[in-house]
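Please find one structure pasted underneath; my questions will follow.
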Amino acid sequence: MQARFPKPTHLNVFKWRGLFLFILIVILVISSVAVVRVQHEIRHLETRYYQSLKHALHAHEERGRLLLEKRYLMSPARVERVAKTQLDMTLDKSHFETVYIRAPSEVLGE
């Protein structure tokens, strides 16, 4: 026995291949945009990384210069020379005086 109602022919015309192709193209476009965006982000991060390396190298060099300057300024020979010439200090201990300071309670007579 055949079906009482015939199958509609306009539903058979619909092609699933077209929908599948459309979905495939949309996925392809989205993935290509994502790849371009990731590549741009990678370039940006590499630029920041190399800038920070350059900054770190500059800071390291500056630290080295400051350490050399500190060693020069703190050298015993230089300190002794500055003490003698600019501050008139000597190693002679014959003119030393001993100064005693009383506690505040002793000064007031309590």
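Restricting attention to segment 78-107, report how many residues are more than 29 Å from residue 68 (Cβ to Cβ) and in a helix (DSSP H, G or I).
4
Collect the residues in segment 13-71 that are under 15 Å from the mean Cα position of the chain (by Cα) and of a type in the set (A, V, I, L, M), keeping them in residue-number order.
45, 53, 56, 57, 59
Hey, another quick one. Return the residue satisfying two criteria in turn: it lies in segment 47-80 and is at pLDDT below 95 and not charged (D, E, K, R), and of such residues it is farthest from residue 92 (Cα to Cα).
72
What residue, of 2, 39, is at pLDDT 95 or above and not hydrophobic (A, V, I, L, M, F, W, C)?
Checking each option against the conditions leaves just 39.
The values are calculated or read from the model by the stated rules, or taken from the named source; none is laboratory data. All figures in this text were calculated on a predicted structure; none of them were measured in a lab. Don't worry about glycine lacking a Cβ; one is built from the backbone with ideal geometry, like all the others, and counts go over all protein chains shown.
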